[in-house]
1. Sequence-distant or interchain residues sharing an amide H contact under 5 Å with G135, placed H: which?
2. Take peptides 182-191, 81-90 and line them up by average Cβ neighbours within 10 Å, highest first, as a rough protection proxy.
3. What order do you get for W69, W60, W154 when you list them from fewest to most C-beta neighbours inside 10 Å?
4. Rounded to the nearest Å, what's the spacing between the alpha carbon centres of region 143-172 and region 78-128? Just the number, please.
5. Give the residue list of chymotrypsin sites (Phe, Trp or Tyr not before Pro) in region 81-111 that are DSSP loop and have at most 15 other beta-carbon atoms within 10 angstrom.
Amino acid sequence: MREGDTSLAARRNQRAVRSTATALIAYLTVVCRLPRAVAQRLLEGALQLPISVGSTQKAWEEASAAVAWPYEELQAALPHQRVLNGDETGHRTNGDKRWIWVLVARTFIFYQIATSRGSDVLPRLLGPTFAGILGSDRLPSYVTYAATQRQFCWSHFTRNLLSAQELAKTPSARRFCREALTLQRRLFRLLHRFRGDPRSCLHGHSALSGTSCRHCRGPSHIGERAILARS
C-alpha cells in the first residue's frame, strides 16, 4: 500500500471512530440520561477515549443537528397516517415538569417533549383535525381533539370494568361487569382467529398447550368465520 493510500485509510478510520463516538455520546446522554461529566468519564475510563466535557456537549449538538431533518420529515407525515396511537408520560428536567408525547404509526414512532399534556399539543402535531383513526386513553386532550374516528384503549377499559366489578354494590352491576369482560375476551379471540393467530381460539384454549378445541372445528362457528372474512 502506498503512503497516500495509508493516510487516506487512516483519515477514514478517524472519521468512523468520530461518528461512532458521537452516536455513543448521544445515546448515553439522551437514551440513558447520563450527565455529560459521567459520559465523559465513561468514555475515558472504559474506552480509553480522551475527551472533555465540552466535547461531549458538542457531540450531542452534532447528533441533534443530524437527526433534525428526518425528525421534521416524520412530523410532517403524521397528519397523513391512517392510524395513530398516542400516549404521554411526565418527567422532570432540572426540576421543571416536562411531558414526552408519543405517536405510533404503522412504520415509525414519533416522540416530542412538551411543557404540557394539554389540548394544544395534538393540533400542533396533527393539524386542526385528524382524518384517520386516533387511538388513545380518555384523557381530555384526546377526547376534545377533532379526530374523524377514535379507538379508546382496551387496557384502560378492562381496568375500569375490573374496578367497577370490585366496587359494585348490586348483583345486576356485578353481572354487567362480568358479561362485559366476557364479551371483550370473546372479541379479542375472534380478532386473533381472524389474524391467523394459533395461540387463542374462541373458547380460550391455547394451541401452545398441545390440545385442540373440538368446538372451534364445528359447524356452529362457520357463520362467525364468514362474518370475519367479509369484515
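1. The answer is L84, N85, G86, Q151.
2. Working: 182-191: 13.4, 81-90: 16.0.
So the order, starting with the most tightly packed, is 81-90, 182-191.
3. Placing the least packed residue first, the sequence is W69, W154, W60.
4. 22
5. F108
Read the figures in this text as sums done on the coordinates, not as results from a lab. Everything quoted here is computed from the prediction, not taken from an experiment. Ideal geometry is used to build each Cβ from the backbone, glycine not excepted, and the neighbour counts take in all protein chains shown.
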